[in-house]
Amino acid sequence: MDYVIEPPPQAFVAVAGETAVFPVRRIWCVGRNYADHAREMGADPTREPPFFFAKPADAVTAGGLLPFPSQTADLHHEIELVVAIGRAGRDIPVERALDHVYGYAVGLDMTRRDIQAEAKKLSRPWELAKGFDQSCPISAIVQAARIGHPDKGRIEVAVNGKVQQSGDLSQMIWSVPEAIAYLSRYVALAPGDLLMTGTPAGVSSVKPGDTLQGSCEGIGEIVVSYED
Ligand code: MN
């Protein structure tokens, strides 16, 4: 294939214990998937059908020192379990959903909360609140073949050493298999897709110079420092 311009570099996430990396196709995100976070966002945490939004593949970053995002005075962290899809499927039954998982990582769904709040108010889309450059720091993926499929475990993030969000994977409103099954009714999932599974309560505002240290028990750690 000849391209009229240089094709963009393939976005990727590291894989623990491997030199080869996981190529990222799309990043799907579940909204309000922990009841206590739904409440803090002013929403009703009853078990409504899950809803999804997306970030572009090249929003992924391995973290480290990052420029502070532009056009926000209220940048929020959302620590989330990330599911890496390794097998294609559509209309996937819940009881087969985990067969499509390659592995798991821990990531941050960084959010320009001020832009999101305005978009909600005006019934506008969320992309500039959620899908900006480097809005998706993700740890190395650990293979499900090595750790299985965690459905419980502490997930938390500290800002400058102080724990801000702390929850447990077991608190998800929609489980990982349920979210995969539901999403696959709307889009054909394919290897390279990532699914961010929502965040527990405690989201807070981050400033230039802050350091975020996120972790998920048995999966890994992601560290981001914003330039001052
Ligand atoms: Mn989120």
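The values are calculated or read from the model by the stated rules, or taken from the named source; none is laboratory data. Here the structure is a predicted model, which means the values were calculated and not measured. We place every Cβ from the backbone using ideal geometry, glycine too, and count neighbours over all the protein chains shown. Note: areas computed on protein heavy atoms with side chains; ligands, DNA, RNA excluded. Shrake-Rupley method; radii C 1.70, N 1.55, O 1.52, S 1.80 Å.
Just a few scattered comments:
- Three principal axis extents describe the C-alpha atoms of region 117-228; from largest down they are 40, 38, 25 Å.
- Mean Cα-pair separation over length for region 12-226, i.e. relative contact order, pairs under 8 Å, 6 or more apart, %: 33
- Nearest-0.05 FRET efficiency for Phe52 and Ala73, computed from C-beta distance (R0 45 Å): 0.95
- Where only DSSP H runs of four or more residues are counted, the chain gives -3000 deg cm²/dmol as its mean residue ellipticity at 222 nm, each run worth -39500 (n - 2.57).
- Pairs of Lys in region 12-226 closer than 20 Å at Cα, counting only those 8 or more apart or on different chains: 6
- Residues in region 12-226 average 44 Å² of solvent-accessible surface per residue, probe 1.4 Å, ligands and nucleic acids excluded.
- Region 12-226, accessible surface, carbon-and-sulfur percent (1.4 angstrom probe): 52
- Lys, Arg +1 and Asp, Glu -1 on Cβ, resulting dipole of the chain about Cα centre, debye, nearest 20: 420
- Sites Asp44 and Val21 - FRET efficiency at Förster radius 45 Å, r taken between beta-carbons, to 0.05: 0.65
- Kirkwood Rh (inverse of mean 1/r, distinct Cα pairs), the chain, angstrom: 17.7
- Cut-off 15 Å, label 7 Å out along Cα→Cβ of Glu221, residues of region 118-157 by amide N: 139-140, 155-157
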